[in-house]
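Asker: I'd like to ask some things about the structure below.
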Amino acid sequence: MVARNRRRKEISLGIGSWVRAVGLCILLGGLAMGYVWQKSQIHQLGTLLQKKELRLDLLKGENERWQQMRAEMRSTQKLYERVRKLGLGLMMPTPEQVLKLSDLPPEAKELERSETGEYRTVKQMPIWGSRNRKE
């Protein structure tokens with residue numbers, strides 16, 4: 001009879017075993033949910049990056065188009081055509097009308113006309129220029 005009782009004896013699980021099993025299930029479920037969430041975030045970021053790159057390409061193309069238009073508008077030929085079209089009556093200046101200024105220091109006050117359209121300072125002559133100059 002002893003052998004018979006051993007076969008019929010039920011295996012009982014303790015509370016600690018149940019807690020470990022539930023904890024393991026929660027851990028695996030949490031890891032699976034975290035993995036799915038990360039994959040979802042990666043997909044969303046990839047889609048966002050693709051949209052931003054497309055927008056960047058569109059803006060680069062638009063920028064090139066604006067630069068080309070600006071270059072055309074700044075060309076002298078286009079400016080002359082526009083002046084003729086608007087009938088402003090503007091002409092090319094004669095060489096006597098063109099005034100060329102050099103960069104002068106702020107303390108230079110007296111100017112002397114040297115050649116047609118050019119000015120130079122009287123008081124602010126460079127030292128090296130006055131020694132080597134033969135007049």
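Asker: Kindly indicate which of Leu13, Leu90 is in contact with a helix residue (DSSP H, G or I) (Cβ under 7 Å, 6 or more places away or on another chain), outside any helix (DSSP H, G or I), of a type outside the set (Gly, Ala, Ser) and modelled with pLDDT under 85.
Answerer: Working: Leu13 fails: in contact with a helix residue (DSSP H, G or I) (Cβ under 7 Å, 6 or more places away or on another chain).
It is Leu90.
Asker: Next question, about the same structure. Which residue pairs have Cβ atoms under 7 Å apart, sit 6 or more places apart or on different chains, and have a first residue in region 56-81 that is of a type in the set (Phe, Trp, Tyr) and a second that is at pLDDT below 90 and surrounded by 10 or more Cβ atoms within 10 Å (Cβ to Cβ)?
Answerer: Filtered contacts from region 56-81: no entries.
The values are calculated or read from the model by the stated rules, or taken from the named source; none is laboratory data. All figures in this text were calculated on a predicted structure; none of them were measured in a lab. Positions of Cβ are backbone-derived with ideal geometry, glycine not excepted, and every protein chain shown enters the neighbour counts.
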